[in-house]
Amino acid sequence: MQHHRGNTRPPETIKLPTTYIADGPNRVWAWDITWLNTYTSGLYFKLYVIVDIYSRKIVEWEVWSEEIGELAAKLVERAMLTHTLNPTLKR
């Protein structure tokens, strides 16, 4: 059980995710989609939220009935315009 057997591939090393440190406001944002219950069984709304990690402030949010990448992209664009961030600027 402790040794590699047969023609199977050896275990792969997993690359750890990149870690970001928020040393000021509007440096690192995180986003999430949460499903909100309704009174109708099987019907949910999706709450898209962007949070500033440093201040824990909700930067932008929106509720939609579907979960689509284009809607998330619009939310991020609107948050960047609202907070006057340049998408090509690297800090």
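The values are calculated or read from the model by the stated rules, or taken from the named source; none is laboratory data. None of the values given here were measured: they were computed from a predicted structure. Glycine also receives a Cβ, built like all others from the backbone with ideal geometry; neighbour counts cover every protein chain displayed.
Some observations on this one:
- The strands (runs of 3 or more DSSP E) falling completely within region 1-76 that include 1 or more residues that are over 16 Å from the mean Cα position of the chain (by Cα) and either among the polar types (S, T, N, Q) or surrounded by fewer than 13 Cβ atoms within 10 Å (Cβ to Cβ) (or both) map to 29-37.
- Every test in (1) on the phi < 0 side of the Ramachandran plot; (2) surrounded by fewer than 14 Cβ atoms within 10 Å (Cβ to Cβ); (3) modelled with pLDDT under 90 is passed by His83 save one, and that test is (2).
- Residue that is closer than 27 Å to Ala79 by Cα and either among the charged types (D, E, K, R) or without any contact (Cβ under 8 Å) to a residue 24 or more places away in the chain (or both), where the choices are Ser41, Ser55, Ser65: Ser65
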